[in-house]
1. Looking at the range 1-29, which of its residues are touching a Lys or Arg at 6+ places or on another chain (Cβ under 8 Å) and not β-branched (V, I, T)?
2. Please go through the range 21-61 and give me each residue that is of a type in the set (D, E, K, R) and outside any helix (DSSP H, G or I), ordered by number.
3. May I ask you to verify whether F28 is open to solvent by 90 Å² or more (accessible area, probe 1.4 Å) and touching a Ser or Thr at 6+ places or on another chain (Cβ under 8 Å)?
4. Kindly indicate the residue of the range 93-107 that is loosely packed, with under 13 Cβ neighbours inside 10 Å and free of Cβ contacts under 8 Å to residues at least 40 places away in the same chain and also farthest from the chain's Cα centre (by Cα) among those meeting that condition.
5. Please go through the range 74-112 and pick out each residue that is at pLDDT 95 or above, assigned to a loop (DSSP other than H, G, I, E, B) and either under 19 Å from R37 (Cβ atoms) or in contact with a Leu (Cβ under 7 Å, 6 or more places away or on another chain) (or both).
6. Quick check, is G57 under 15 Å from the mean Cα position of the chain (by Cα), small (G, A, S), within 30 Å of I11 (Cβ to Cβ) and surrounded by 12 or more Cβ atoms within 10 Å (Cβ to Cβ)?
Amino acid sequence: MDQAIENFWKIRLQQLKNALEANNFTVFLADNADDARRIFVDTILPDTGAASVSWGGSVTAAHAGVCEALKQRANLQVIDAFEKGISLEESWDRRRRAFLVDLYLTGANAITEAGQLVNLDRT
């Protein structure tokens with residue numbers, strides 16, 4: 001039974017990948033958070049050529065360790081508006097400066113079966 005469920009989700013994931021690619025997205029599939037972080041840091045980030053980066057409140061990026069991995073890179077200017085211990089005023093200042101970075105990470109709230117992203121933002 002478990003294999004049937006796993007196969008079902010593999011098929012669905014491949015269908016979603018195909019739909020996203022049909023809409024001109026480049027898609028990478030990861031088996032777990034470590035793989036996702038590695039794909040982003042080793043493949044996607046270098047391809048962007050970004051010298052500066054920031055992010056929104058993406059729980060996925062944070063839990064996968066992407067944000068921490070970015071902070072470790074000496075050649076990258078990182079603007080962390082969510083750093084613990086900074087004042088609310090400093091957080092808002094960093095959020096404004098984040099509009100000017102080369103690469104801004106955010107999560108999608110949903111992806112449709114047609115390969116469309118759905119985003120909502122409380123800010």
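1. Listed by number, the list holds a single entry, L29.
2. Hit for the range 21-61 is D31, nothing else.
3. yes
4. R96
5. Scanning the range 74-112 gives L76, D80.
6. Spelling it out, it is not the case that G57 is under 15 Å from the mean Cα position of the chain (by Cα), small (G, A, S), within 30 Å of I11 (Cβ to Cβ) and surrounded by 12 or more Cβ atoms within 10 Å (Cβ to Cβ).
The values are calculated or read from the model by the stated rules, or taken from the named source; none is laboratory data. Small disclaimer: the values here were computed from a predicted structure and weren't measured. Neighbour counts run over all protein chains shown; Cβ positions are idealised from the backbone, glycine included. Just so you know, the surface numbers come from the protein's heavy atoms only, side chains and all, with ligands and any DNA or RNA stripped out. Shrake-Rupley method; radii C 1.70, N 1.55, O 1.52, S 1.80 Å.
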